[in-house]
Ligand SMILES: Nc1ncnc2c1ncn2[C@@H]1O[C@H](COP(=O)(O)OP(=O)(O)OP(=O)(O)O)[C@@H](O)[C@H]1O
Ligand SMILES: Nc1ncnc2c1ncn2[C@@H]1O[C@H](COP(=O)(O)OP(=O)(O)OP(=O)(O)O)[C@@H](O)[C@H]1O
Ligand SMILES: [Mg+2]
Ligand SMILES: [Mg+2]
């Protein structure tokens, strides 16, 4: 019943060939798909088994006790619930320090990231020959976890907020630098050429030609980073860099008797994180929506 | 035998379809026309059970379709295929897989989740594609096809369901005149050759006149015209569209020969 | 007095501009025409020192411009303004700031980074915008303007540089005929009133004929025509464009009156 | 000429433009000024002036020099006699009997001469130490009963010697010597990571690359019954000083935590995201609860989850993996549900109109739309979780993070610290590369999984 | 009832690798004796081991007295002390030592008034619990920041305290030592000795400013729920170890010791009270 005007397949050697080709393709695809699924499941399963094996407690034994510890903390916190507001006030300065570390390091890191990203974007770079070098520098900065730098710096500079600030700023510069340079790549080069034709210097071209184009995206990424850095800064407190993480660790570590402190600090930290998370995602949506 | 009995749909306070009563004694090619918002899409969606009727009934071979639930409802949907204005294909999947979606209702959930279709289905899918002249694109992703080709894939999916009824909601509204003709020809041919009932929402009078055996005109949710294509005069059209004397049919035409007509029509075609 | 001495530019193996030797004894309005790829843009970019010449020299008032480096090169760029086909403004900045960019070379980098332009510059910028008839848009963002307005902002930026020479690379190619005329009129007026030299790449013969004092024709990087606008006959044009007898000038025209001519020209104008 | 279109007088426009610039100037000074003011505040809040005082640049010097050099200890036990020579003074690096470093000459049973660089030299004879410093002279330190006597060529004690009656410490660019009543020790510094390949007890120690290569291909077995290559691999793998085996295991554990955590989180988050997505979830309250749940598990950091879980699961990589899993369930849940809210309904309706069952609807109407976003997010997190796993490991998990923090905290094994840092950087860069490759292949290439 | 594996937790103080190395022979012997796979775990801090014991994921550990007290107070049924190390001189105990930099001019707690004081880990007996009780008895003021000392901080561990004092990060701090031998050597054993041996600090530059009463050595604890047979076998093996494998005992006990003596919960009552008083 095939209508000649509609059947384009005949010209190409018949529907049979198409069918066989498709079936063959479907079979290989099914095979690869199946294989990938099997490999993935095998990886997950064997990974799970190895991790379970190398862990002190087994997964299945532990799952039932997962709430033991939280329950212990909560029950004590509930007993001493009257203490919580006072404790929260007591730990406020630590929280401020944590936030300061995050803010200062985000600012420092972002400034470095802007410069690094401009230096490592094709078409914008001051020294095009060195683009690769700056990219590798950013890769390495990004790859080093903050905790490594912080611990090493604590040895040299002593404990306190500064090692944490430097460590986070260092990592931030690498991480934001990569994102920024992706943004830069989408910037139009036309305004730059226009500025070049009037005899503008490199900083003028960057500041007047590129930054206005990319600023909203920069800002949006920087806000996201700030959010991440609040956590990072709290974590570094755990290894001796001051701030709220330090108090949390000591309270947690001491255990029974100070679980009210744990609860208070935890609540403080959690509320802060959620607060900044929500505000920043609100403003990020606004910023990117405007572009 | 398909019957609509005082079929009504209200959205909040608005009545989109208002007590539509229609009888289709035997499979035919039926065109539904009406201004934007007249309730054409809503009517078809109720027929396919994509939306539930607010009141009234749909009877197919004496069975109350409106009352079906769960698996029975899905079986009805499989029997009554739907073709959409925007094709509603899965763009990232290849053409044959899209066509095979027409068999989802018949095959076991588990097998289909892993893309395991019987080989016979695959063969049939390619036959259908061949019938519609697009077998050579079988292995491409749907998104890589032109609009007309995508709509033919959608028709192929509908045919794959082996339905008693094919519902088409403005199948040619996103297509250029060339592709519109190909798609309408295909639908007509399906009706002629397979004897399936085809219900087709249309924006344009001349398409309805040219392809349909019976035309239903809707306005504000009500059926205001029901007759053969020859009865569809300009006056009847004015009535359906609630238009004044300035109404010119050519302004909504998508038929290819409209291009050859003189006057401003050419410019309007490009804008459609 | 501007002299080009065997100016050559090669990209890889390709010669884009081939030993161009030209002398401009006094400021004039000069049109450069030639087919796409003839080397017009490359020539202008070398003049502005946006790209470096592969060999040959550019002499301005006896000074070798090709040899300038660093600050001296930027000072030359300030003296020799460039206008681009795509305007090359900073779209997210306001019009006055874009015009003030013309002073970047004269002001300290630090001051300009903080938007510290002298008040007198701002006043002058507005005067220039006023002269070009777009002062009222001064506070808008450049991207909010139409193409013709943006090109006038670009001209204002060029004037802000107070240059001896203005180079314009197909300044009207992205504009509709109406705006094209406004922009060309403005350039001509600048030449007439300020006595600045204007070198203008053009795609269209009639524009060159109408506005320029001297026309230079390029083909494959070489100068194949150099003479007054009246010498630019159809034969000369065929020579420049390497076109066969089928060459019709109207096909590339952007002059407004071309709209009134009969034939397919109208359709082509819309496509430009 | 259309230049007369100016509707307003230029004077007005000028005033307006000047106001505009006044505003812009305020902003372009205001923002940097605010940031600067903030930095000034931070400068004092973080006590940076005091920091400059407290900073221990000599520690930095130790750190740096230790990172790329090693020291060999020549120790004399002043109570019981006997000389021992050991790399880094560690048991595992002790020279076996009959083997001495090339710069030591034995001059007696309990006496040795130690050549130091740049003309420095030291000689241990019983409990007496003679230390020659060029341009200064010979320092003699003797342990006499309960006291330590110091003989200097000059009247005053130079500041590079720290001496009390019970301890003398000589620190020079050529080497270092410490004498207490218990023992006399001379340190000689050398460039490199000693014993990195083979420890002293391995027959392959001290061989050049060429020698090793020729050994590898020769049939003459250094250790009978084992092929040379296998023996080399064994000795390297079981190197007691650098413990390559444990380190590699630790790296593997870290990647394992990241992998299990990320993939597990994606699997858990996917169905939950449907509950939180407005267009899939019928119950507003369930949606709200699910969202708050996502916020909660995300807001509590992975590190805190590690601590909470350490009670139930104890130390080890499973705890770390679960902590990552829990945190990222929140992150993924949020992202996936946002992606779900942006899916195109047309495709779902298309599939639904064929009479597809709900699961099939999700599988064909939703998942294909979601895969690109899902995959790219998951792969991005996989990379970033490798770093998190390092941090989490430092607290309870294990893995390279634990080795690293412990090595840093002991504050002496800086060469190991640098070894770990290099490995971590390579590991993270590798995961970064891998996730980039997978992203490109899976998303742009392969189409539907 | 039977066990499937035996898990030993090891407290911090050394490089994780070194801790594994020092305890490797005990692990091998345990595995051989019990016939089940035996593993070592080295969490980063005291709390990691304590949580493991409380959760039943660790079977044995050598705790500090205060850490034992915490375990007991949280769950009395979790672990029981079985053995304690006996010093060469027959005593079992050590001291908490307060120290400062010599060039700071601080020679006693009296000079520390208004200065910065550093504790180690909150679960450490000598690094926190004992000094936090005994020092107020000397100074007559609480250990709150600002009460007597200008500021009181936790550095995180003994090693960190020593470096913090050497860096001038804190003016004085507490750590542990056996109190035997010479100050200049950093005593015979303890954190100071290790730091000095590592060249990290020059003992000439440090002075002792305070010394606690003897602190009972921490116990080796076993999980209470372990089968009796396993407990007996473990106790027997550890107690006998100095006799049949000197080197293993030396490594395990981190230095010379007379041996292991049985001990029970009662010996730690006073520490538990002390800890309670801090809660
Ligand atoms: N989901 C919905 N919710 C609320 N109102 C709806 C919904 N769907 C349709 N309507 C309303 O019902 C009426 C009929 O809509 P319907 O889409 O059926 O018209 P139509 O004839 O198909 O128009 P068109 O030609 O524009 O597709 C319109 O007024 C529309 O606004
Ligand atoms: N950056 C470049 N790299 C390589 N080749 C180039 C480059 N710029 C120009 N060319 C080549 O040089 C030749 C001259 O180009 P040019 O842009 O100057 O021509 P044009 O006359 O301005 O053409 P059009 O009218 O299309 O703008 C062309 O063949 C072009 O491909
Ligand atoms: Mg509709
Ligand atoms: Mg050009």
Considering residues of segment E:24-42 that are in contact with a strand residue (DSSP E or B) (Cβ under 7 Å, 6 or more places away or on another chain) and within 20 Å of residue D:405 (Cβ to Cβ) only, the residue farthest from the other protein chains (Cβ to nearest Cβ): E:40
Breaking point among (1) surrounded by 19 or more Cβ atoms within 10 Å (Cβ to Cβ); (2) part of a loop (DSSP other than H, G, I, E, B); (3) more than 14 Å from chain E (Cβ to nearest Cβ), for residue D:315: (3)
Hits in segment C:41-70 (condition: out of contact with any strand residue (DSSP E or B) (no Cβ under 6 Å at 6 or more places or on another chain), surrounded by fewer than 19 Cβ atoms within 10 Å (Cβ to Cβ) and within 22 Å of residue C:219 (Cα to Cα)): C:50, C:51, C:52
Segments classed as helices (runs of 4 or more DSSP H), wholly inside segment D:343-411, with at least 3 members that are away from chain B (no Cβ under 12 Å): D:367-392, D:400-410
Enumeration of residues in segment B:5-40 that are near ligand 1 (Cβ under 8 Å from one of its atoms), surrounded by fewer than 22 Cβ atoms within 10 Å (Cβ to Cβ) and under 20 Å from residue B:207 (Cβ atoms): B:35, B:36, B:37
Helices (runs of 4 or more DSSP H) within segment A:132-212 that include 2 or more residues crowded, with 22+ Cβ neighbours inside 10 Å and more than 9 Å from every other protein chain (Cβ to nearest Cβ): A:146-157, A:161-185
So residue D:415, is it in contact with a strand residue (DSSP E or B) (Cβ under 8 Å, 6 or more places away or on another chain) and either under 30 Å from residue B:99 (Cβ atoms) or part of a helix (DSSP H, G or I) (or both): yes
Pick from segment C:160-211, criterion within 18 Å of residue C:131 (Cβ to Cβ) and within 14 Å of ligand 4 (Cβ to nearest atom), ranking: nearest to the other protein chains (Cβ to nearest Cβ): C:168
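State whether the residues of segment A:253-263 include one that is assigned to a helix (DSSP H, G or I), more than 9 Å from every other protein chain (Cβ to nearest Cβ) and surrounded by fewer than 22 Cβ atoms within 10 Å (Cβ to Cβ).
The answer is yes, given that some residue of segment A:253-263 is assigned to a helix (DSSP H, G or I), more than 9 Å from every other protein chain (Cβ to nearest Cβ) and surrounded by fewer than 22 Cβ atoms within 10 Å (Cβ to Cβ).
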All positions within segment C:50-70 that are facing another protein chain (nearest Cβ under 10 Å) and within 15 Å of ligand 2 (Cβ to nearest atom): C:50
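Tell me, please, whether a residue that is farther than 30 Å from residue D:240 by Cβ and assigned to a strand (DSSP E or B) can be found in segment D:175-195.
no
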Test: residue in segment C:194-207 that is free of Cβ contacts under 8 Å to residues at least 40 places away in the same chain and either in a loop (DSSP other than H, G, I, E, B) or buried (at least 23 other Cβ atoms within 10 Å of the Cβ) (or both): no
Helices (runs of 4 or more DSSP H) within segment B:71-149 that include 1 or more residues buried (at least 18 other Cβ atoms within 10 Å of the Cβ), away from ligand 4 (no atom under 16 Å from the Cβ) and within 8 Å of chain D (Cβ to nearest Cβ): B:95-100, B:109-113
Failed criterion for residue C:88 (all others in (1) under 25 Å from residue C:23 (Cβ atoms); (2) within 16 Å of ligand 2 (Cβ to nearest atom) hold): (1)
Residue match in segment D:323-338 (condition: surrounded by 22 or more Cβ atoms within 10 Å (Cβ to Cβ), within 14 Å of chain E (Cβ to nearest Cβ), assigned to a loop (DSSP other than H, G, I, E, B) and touching a residue at least 12 places away in the same chain (Cβ under 8 Å)): no
Sole exception among (1) under 23 Å from residue E:69 (Cα atoms); (2) in contact with a helix residue (DSSP H, G or I) (Cβ under 9 Å, 6 or more places away or on another chain); (3) not in a strand (DSSP E or B) for residue E:175, by number: (3)
When residues of segment A:62-77 are limited to those that are in contact with a helix residue (DSSP H, G or I) (Cβ under 9 Å, 6 or more places away or on another chain) and loosely packed, with under 15 Cβ neighbours inside 10 Å, the one farthest from residue A:231 (Cα to Cα): A:64
Residue in segment C:165-179 that is modelled with the lowest pLDDT, counting only those that are surrounded by fewer than 20 Cβ atoms within 10 Å (Cβ to Cβ) and within 16 Å of ligand 2 (Cβ to nearest atom): C:174
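Given the criteria surrounded by fewer than 22 Cβ atoms within 10 Å (Cβ to Cβ), touching a helix residue (DSSP H, G or I) at 6+ places or on another chain (Cβ under 9 Å) and free of Cβ contacts under 8 Å to residues at least 12 places away in the same chain, does residue C:189 qualify?
The answer is yes for residue C:189.
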Elements of type helices (runs of 4 or more DSSP H) in segment E:1-109, at least 3 residues being over 25 Å from residue A:52 (Cβ atoms): E:16-34, E:65-74
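The values are calculated or read from the model by the stated rules, or taken from the named source; none is laboratory data. What you see is a predicted model; the values in this text were computed from it and never measured. Every residue, glycine among them, receives a Cβ derived from its backbone with ideal geometry; neighbour counts consider all protein chains shown.
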